[in-house]
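Asks: Structure in structure tokens, see below.
Just so it is clear, none of the values below were taken in a lab; they were calculated from the coordinates. Quantities reported herein were computed from a predicted structural model and do not represent experimental measurements. Quick reminder, even Gly has a Cβ in these numbers, built from the backbone with ideal geometry, and neighbours come from all protein chains shown.
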């Protein structure tokens, strides 16, 4: 790690993550290279390796930030809205995911490779944010549905979080994929992030 103030180090790391995020808006994970990310920053391209050794580490940092933004949104809602019905909660949580399409997009990638290509300290920092997101949703369930048992809340978590990995591919379909499904006779109903999330969440909450 280069010498410098913690503020400068964090600013450089943030700039690198921002550069990756901008490239990811028009390019795929496979297309993006460390060189391209480095050239999109304001400092020497080779300096990027002082902060991240692989693009997997950069994407993991971007995913970590997305989880943190989602957590902040959930905590803000909990502080502002003390009670909700099941329909209201399902709508709120679905909207919170709709606002974090990039979180869902990154989750749809090969998560195993992304974690394998990152050093332990980067993986640990990400897992802290991931664990915090689970606790945030658990806290929501506790606040809004105090009648739910621990087992019921655990069942919700163990179904809901794996579900997140598949939302993006089901809701963002390319013209090529759409044409292929039509040719194959697949009677698929296209849904938005909000629609598919709301229905899943509402079913998990039960009657």
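Asks: If residue 164 meets every condition in (1) closer than 20 Å to residue 207 by Cβ; (2) part of a helix (DSSP H, G or I) apart from one, which number is that one?
Replies: Every listed condition holds for residue 164 apart from (1).
Asks: Going through segment 88-113 one residue at a time, which ones are in a loop (DSSP other than H, G, I, E, B) and either over 16 Å from residue 68 (Cα atoms) or free of Cβ contacts under 8 Å to residues at least 24 places away in the same chain (or both)?
Replies: Going residue by residue through segment 88-113, those that are in a loop (DSSP other than H, G, I, E, B) are 99-100, 108-110.
Within segment 88-113, 108, 109, 110 qualify.
Asks: What are the residues in segment 15-54 that are more than 19 Å from residue 100 (Cβ to Cβ) and in contact (Cβ under 8 Å) with a residue 40 or more places away in the chain, if any?
Replies: Passing the criteria: 16, 47, 50, 51, 52, 53, 54.
Asks: On to the next question. Is it the case, given these coordinates, that residue 82 is touching a residue at least 40 places away in the same chain (Cβ under 8 Å) and exposed (fewer than 12 other Cβ atoms within 10 Å of the Cβ)?
Replies: Spelling it out, residue 82 is indeed touching a residue at least 40 places away in the same chain (Cβ under 8 Å) and exposed (fewer than 12 other Cβ atoms within 10 Å of the Cβ).
Asks: While we're looking at this one, here's another question. Would you check which residues across segment 105-124 are more than 17 Å from residue 17 (Cα to Cα) and in contact with a helix residue (DSSP H, G or I) (Cβ under 6 Å, 6 or more places away or on another chain) and list them?
Replies: Correct list: 108 only.
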